Amino acid sequence: MQSTVLAFANMHHHGELFANVLRARRDSFILKRSWDLPETMGMEYDQYDTPASRYVAVHDDTGRVLAGARLTPTTARCGIYSYMIRDAQNGLLDSIPQDLLYDEAPVDETIWEVTRGFIGDDVPTNVRLRVRLLLTGQIVKAGRELCASRMVALLPSNWTRWSKRAALDLSPAGRVMNMGGIEYQAVWFNLADKLH
């Protein structure tokens with residue numbers, strides 16, 4: 001098991017891995033959760049999949065994706081869109097409540113967003129924790145390399161159960177809300193003590 005951070009600038013070095021991330025996202029969000037999201041050629045995508053974003057993939061030697069997440073700078077802009085959490089707060093996304101954050105969504109080059117996080121449904125129970133720890137560890141490492149002091153994420157509301165094991169400094173950024181039959185909460189990742 002290994003992890004890779006993909007960007008539009010390096011994905012050509014990793015064969016089918018980026019396409020496999022989008023295929024695994026389709027399996028997780030469209031097939032498993034029945035979310036109404038864009039898809040084509042067996043891959044899920046949206047307006048935030050741009051060269052501004054980075055993608056963390058946990059995968060095996062064959063390129064099978066076990067888990068993943070997307071990282072987007074809060075300074076991103078593409079047409080009328082910025083980043084998912086801010087656009088939801090600004091009323092651009094019907095599927096996410098506008099009051100998802102306690103405060104105004106940041107626009108700051110030291111703050112990145114984490115979205116589309118998933119662990120594949122076919123990952124066996126006995127390795128799920130190891131996959132989660134590798135995924136969250138790589139998210140923190142990537143954040144550090146991107147000079148992020150904080151990240152904001154939409155996570156299942158059970159994040160308090162596993163965040164201590166992952167040695168993450170997380171705190172609520174908004175209320176618990178039901179989206180697609182799952183309880184989610186906006187959460188801050190504090191990376192300030194990890195930037196050295």
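The values are calculated or read from the model by the stated rules, or taken from the named source; none is laboratory data. Please read these numbers as outputs of a predicted model, since none were measured by experiment. Neighbour counts are summed over all protein chains in view; Cβ atoms, including those assigned to glycine, are modelled from backbone coordinates with ideal geometry. Please note that ligands, DNA and RNA were not included when accessible areas were found on the heavy atoms of the full protein model with its side chains. Shrake-Rupley method; radii C 1.70, N 1.55, O 1.52, S 1.80 Å.
Listed values, structure above:
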quantity: Sum of -39500 (n - 2.57) over DSSP H runs of 4+, divided by residues of the chain (222 nm, nearest 500); calculated: -6000 deg cm²/dmol
quantity: 3J(HN,Hα) from dihedral phi, region 77-92, Karplus parametrisation 6.51/-1.76/1.60, rounded to Hz, x for glycine, proline; calculated: 9, 8, x, 7, 9, 10, 9, 4, 5, 5, 5, 5, 4, 7, x, 8
quantity: In sequence order, calculated HN-Hα J values of region 95-100 (Karplus, 6.51, -1.76, 1.60; Hz; x Gly/Pro); calculated: 7, 10, x, 5, 8, 6
quantity: Protection proxy ranking of 131-141, 87-97, 179-189 - average other beta-carbon atoms within 10 Å, highest first; calculated: 131-141, 179-189, 87-97
quantity: Candidates per GluC sites (Glu not before Pro) in region 41-127, loop by DSSP, up to 13 other Cβ within 10 Å; calculated: GLU104, GLU109
quantity: 5 angstrom amide H check on LEU66, placed H, neighbours 5+ away; calculated: VAL58, HIS59, ASP60
quantity: Dipole magnitude of region 80-196, debye to nearest 20 (Cβ charges: Lys/Arg +1, Asp/Glu -1, about Cα centre); calculated: 660
quantity: Fraction of accessible area attributable to carbon and sulfur, the chain (%, probe 1.4 Å); calculated: 50
quantity: Furthest towards positive pole of dipole, ASN190, MET41, LEU93, structure part the chain, Cβ charges; calculated: ASN190
quantity: Contact order relative to length of the chain, as percent, for alpha carbon pairs under 8 angstrom and 6 or more apart; calculated: 19
quantity: Per residue accessible area of region 1-129, 1.4 Å probe, in Å²; calculated: 49
quantity: Cα centroid of region 71-150 to Cα centroid of region 1-50, whole Å; calculated: 15
quantity: Cα-centre dipole for the chain with unit charges at Cβ (Lys and Arg positive, Asp and Glu negative), debye to 20; calculated: 640
quantity: Table column - 3J(HN,Hα) (Hz), region 119-136, Karplus curve with 6.51, -1.76, 1.60, x for Gly and Pro; calculated: 10, x, 5, 8, 6, x, 3, 6, 10, 4, 5, 4, 5, 4, 5, 5, 4, 5
quantity: Cα centre as origin, Lys/Arg/Asp/Glu Cβ charges: region 33-120 dipole, Debye; calculated: 200
